[in-house]
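Asker: Okay, here's the structure, questions in a sec.
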Amino acid sequence: MAETVKRDDIPTTRRGRLAERLRNETTGGVLLIIAAITAIVWANSPFADSYLSLVSTEFGTPNFSLPLNIWAADFLLAIFFFVVGIELKKEFVHGSLSTFRQAVIPFAAAFGGMIFSAIIFTVFNHGSSTATAWGIPISTDIAFALAILALAGKAMPMALRVFLLTLAVVNDLGAILVIAIFYGHGFHVQAFACAIALIVFFGFLQSRGVTSVALHLPIALACWYFMYESGIHATVAGVALGLTMRVTTRNDEQHSPGDHAEHALHPISAGLCVPLFALMSAGVVLENVKFLDMVTNPLTLGVLFGLVVGQPVGVVIGTYLSTRLTKQGLPAGLTWSDVVVVGTLAGIGFTVALLVSEVSFASTPETLVVAKFALVLTSLVAISSAVTAMKIRSRFCNYSV
């Protein structure tokens with residue numbers, strides 16, 4: 001795992017108590033939960049009309065205007081994935097993904113979870129109009145999962161957190177690629193070419209040691225705009241730009257541009273972008289909904305079993321196969337019981353799964369309601385499963401943390 005930037009690593013002028021709290025995974029996860037609950041309660045309260053009015057309010061310029069819920073899904077989550085991209089780049093350069101032997105196990109675990117969750121979802125939805133939404137259960141909510149681990153798994157070894165973070169980042173990157181490839185709405189070559197050119201230029205400036213925010217910010221915004229206009233989901237721009245950030249230091253630097261960007265943007269991502277997205281997207285209206293019908297709906301069952309069963313089974317099988325094929329053991333500090341715990345935590349999917357639901361059922365609001373209900377129900381079951389697994393693991397094993 002790449003060494004994270006600690007509080008004392010960045011100059012004090014860039015630090016504040018609130019920002020430091022927001023860099024804590026527990027805080028970000030709690031804010032996400034609060035935002036999601038607020039959205040659900042608000043959407044089912046006597047003030048439901050004000051919620052629906054808010055999320056559909058248009059905002060922008062005369063030439064480019066979007067509803068607030070689309071801004072949240074496309075723009076705010078692009079910032080979140082920019083930070084994810086930086087974290088992944090750091091892992092590739094000098095972290096747990098820097099060599100093939102280090103990278104193969106968490107990659108195999110992530111792909112195993114994605115494949116099994118997609119298969120289980122497809123089994124439940126085969127032949128129906130919802131079968132194309134197999135991308136919903138393939139992602140892990142980074143903030144949510146790490147928050148549950150921090151709250152309920154304080155006795156867990158640090159290696160488990162590292163493995164989970166790497167797996168979740170790979171999972172979410174895979175989900176974003178799935179959105180880009182399978183859920184795009186049309187494709188415009190010229191806009192896409194402009195976005196790619198800007199990504200390359202952004203990376204060139206990084207490689208040349210140009211770190212001016214005043215120069216990089218307009219390029220990043222233009223890249224986001226052209227990616228959106230290309231028909232590919234705009235969050236792809238965030239991941240791509242994050243992966244181009246330089247994460248190595250030079251002679252005249254104490255910290256790399258990637259370190260500084262991650263340190264500055266992580267509180268915004270965790271404390272603003274992800275919770276606002278949840279607030280704008282999680283408001284499922286449950287009026288006149290028959291609970292039993294919703295629970296037994298194939299879409300709900302596919303999401304539920306895909307995440308709660310498919311992710312743990314896939315993570316364990318993917319990890320087992322990779323260790324057998326590469327003839328190497330688990331990462332230092334991990335046991336097979338820890339891999340099971342990681343698998344249950346990987347079943348906590350919300351933010352990106354909600355995003356996939358939005359793009360899958362944008363034209364069918366009734367089905368989107370079922371998908372959101374499924375994710376809320378699944379999150380509760382997955383959290384209970386993960387907490388139970390951690391308690392069992394802690395009870396029967398002694399850790400040296």
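Asker: Return the residues of the range 131-165 that are of a type in the set (Gly, Ala, Ser) and at pLDDT 85 or above; say none if nothing qualifies. Let's see the steps before the verdict.
Answerer: Residues of the range 131-165 of a type in the set (Gly, Ala, Ser): 131, 133, 135, 139, 143, 145, 147, 150, 152-153, 155, 159.
Once the filter is applied, which keeps residues that are of a type in the set (Gly, Ala, Ser) and at pLDDT 85 or above, the range 131-165 yields ALA131, ALA133, GLY135, SER139, ALA145.
Asker: Filter the range 224-260 for residues that are in contact (Cβ under 8 Å) with a residue 12 or more places away in the chain and among the β-branched types (Val, Ile, Thr) and give the result.
Answerer: The answer is ILE232, THR235, VAL236, VAL239, THR244, VAL247, THR248.
Asker: With respect to ALA278, is the statement that it is outside any loop (DSSP other than H, G, I, E, B) and either out of contact with any Phe, Trp or Tyr (no Cβ under 9 Å at 6 or more places or on another chain) or under 24 Å from ILE199 (Cα atoms) (or both) true? Steps first, please.
Answerer: Numbers: outside any loop (DSSP other than H, G, I, E, B): yes; either out of contact with any Phe, Trp or Tyr (no Cβ under 9 Å at 6 or more places or on another chain) or under 24 Å from ILE199 (Cα atoms) (or both): no.
So ALA278 does not fit the description; no.
Asker: As an exercise: evaluate TYR320 against (1) in contact with a Phe, Trp or Tyr (Cβ under 9 Å, 6 or more places away or on another chain); (2) touching a residue at least 12 places away in the same chain (Cβ under 8 Å) and give the number of the one condition it does not meet.
Answerer: Single failed check for TYR320: (2).
Asker: Additional query: Within the range 71-78, is there a residue that is closer than 30 Å to HIS260 by Cβ, touching a Phe, Trp or Tyr at 6+ places or on another chain (Cβ under 9 Å) and among the acidic types (Asp, Glu)? Talk me through it step by step, then tell me what you get.
Answerer: Looking only at the range 71-78, we keep the residues that are closer than 30 Å to HIS260 by Cβ, and these are 71-78.
Still in the running and touching a Phe, Trp or Tyr at 6+ places or on another chain (Cβ under 9 Å): 71-78.
Checking the rest, the ones that are also among the acidic types (Asp, Glu) come to 74.
Yes: one or more hits.
Asker: Hey, can you tell me all the residues within the range 230-255 that are polar (S, T, N, Q) and under 22 Å from the mean Cα position of the chain (by Cα)? If you could, list the steps in order and put the result at the bottom.
Answerer: Narrowing the range 230-255 to residues polar (S, T, N, Q): 230, 235, 244, 248-249, 251, 254.
Within the range 230-255, THR235, THR244 meet the criteria.
Asker: Answer yes or no: is there a residue in the range 289-312 that is under 22 Å from GLU358 (Cβ atoms) and not in a helix (DSSP H, G or I).
Answerer: Within the range 289-312, one or more residues are under 22 Å from GLU358 (Cβ atoms) and not in a helix (DSSP H, G or I).
Asker: Is it the case that the range 174-182 has a residue that's β-branched (Val, Ile, Thr) and closer than 18 Å to SER385 by Cβ?
Answerer: Within the range 174-182, none of the residues are β-branched (Val, Ile, Thr) and closer than 18 Å to SER385 by Cβ.
Asker: Taking the options ASP49, ASP74, name whichever one is among the acidic types (Asp, Glu), surrounded by fewer than 21 Cβ atoms within 10 Å (Cβ to Cβ), modelled with pLDDT of 90 or more and in a helix (DSSP H, G or I). Let's see the steps before the verdict.
Answerer: Values: ASP74 fails: surrounded by fewer than 21 Cβ atoms within 10 Å (Cβ to Cβ).
Result: ASP49 is the single residue among ASP49, ASP74 that is among the acidic types (Asp, Glu), surrounded by fewer than 21 Cβ atoms within 10 Å (Cβ to Cβ), modelled with pLDDT of 90 or more and in a helix (DSSP H, G or I).
Asker: Would you say VAL55 is surrounded by 11 or more Cβ atoms within 10 Å (Cβ to Cβ) and modelled with pLDDT of 85 or more? If you could, list the steps in order and put the result at the bottom.
Answerer: Working: surrounded by 11 or more Cβ atoms within 10 Å (Cβ to Cβ): yes; modelled with pLDDT of 85 or more: yes.
When the stated conditions are applied, VAL55 passes them.
Asker: Being under 24 Å from ALA362 (Cα atoms), assigned to a helix (DSSP H, G or I) and either among the aromatic types (Phe, Trp, Tyr) or in contact with a Ser or Thr (Cβ under 7 Å, 6 or more places away or on another chain) (or both) is the filter here, so list the residues in the range 144-193 that pass it. Full working, then the answer.
Answerer: Going through the range 144-193, the residues under 24 Å from ALA362 (Cα atoms) turn out to be 171-189, 191-192.
Now drop any that are not assigned to a helix (DSSP H, G or I), which leaves 171-182, 189, 191-192.
Within the range 144-193, ASN171, ASP172, ALA175, ILE176, PHE182, ALA191, PHE192 qualify.
Asker: Just wondering, is there one or more residues in the range 127-143 that are under 27 Å from HIS260 (Cβ atoms) and assigned to a helix (DSSP H, G or I)?
Answerer: yes
Asker: Step by step: first the residues of the range 310-328, then only those that are modelled with pLDDT of 90 or more, surrounded by fewer than 24 Cβ atoms within 10 Å (Cβ to Cβ) and in contact with a helix residue (DSSP H, G or I) (Cβ under 6 Å, 6 or more places away or on another chain), then the one that is farthest from GLU58 (Cα to Cα). Which residue is that?
Answerer: Filtering the range 310-328 for residues that are modelled with pLDDT of 90 or more, surrounded by fewer than 24 Cβ atoms within 10 Å (Cβ to Cβ) and in contact with a helix residue (DSSP H, G or I) (Cβ under 6 Å, 6 or more places away or on another chain), the one farthest from GLU58 (Cα to Cα) comes out as SER322.
Asker: Just a yes or no: is a residue in the range 356-363 out of contact with any helix residue (DSSP H, G or I) (no Cβ under 9 Å at 6 or more places or on another chain) and either within 16 Å of ILE179 (Cα to Cα) or free of Cβ contacts under 8 Å to residues at least 60 places away in the same chain (or both)?
Answerer: To start, the set of residues in the range 356-363 that are out of contact with any helix residue (DSSP H, G or I) (no Cβ under 9 Å at 6 or more places or on another chain) comprises 363.
Filter once more, so that each one left must be either within 16 Å of ILE179 (Cα to Cα) or free of Cβ contacts under 8 Å to residues at least 60 places away in the same chain (or both): 363.
Scanning the range 356-363 turns up at least one residue that is out of contact with any helix residue (DSSP H, G or I) (no Cβ under 9 Å at 6 or more places or on another chain) and either within 16 Å of ILE179 (Cα to Cα) or free of Cβ contacts under 8 Å to residues at least 60 places away in the same chain (or both).
Asker: Being part of a helix (DSSP H, G or I), out of contact with any His (no Cβ under 8 Å at 6 or more places or on another chain) and without any contact (Cβ under 8 Å) to a residue 60 or more places away in the chain is the requirement here; does VAL41 meet it? It would help to see each step written out before you state the result.
Answerer: Values: part of a helix (DSSP H, G or I): yes; out of contact with any His (no Cβ under 8 Å at 6 or more places or on another chain): yes; without any contact (Cβ under 8 Å) to a residue 60 or more places away in the chain: yes.
When the stated conditions are applied, VAL41 passes them.
Asker: Since GLY209 meets every condition but one in (1) in a helix (DSSP H, G or I); (2) on the phi > 0 side of the Ramachandran plot, which condition does it not meet?
Answerer: Every listed condition holds for GLY209 apart from (1).
The values are calculated or read from the model by the stated rules, or taken from the named source; none is laboratory data. Keep in mind it's a predicted model, so treat the numbers as computed, not measured. Here Cβ is always computed from backbone atoms with ideal geometry, including for glycine, and neighbour counts include all displayed protein chains.
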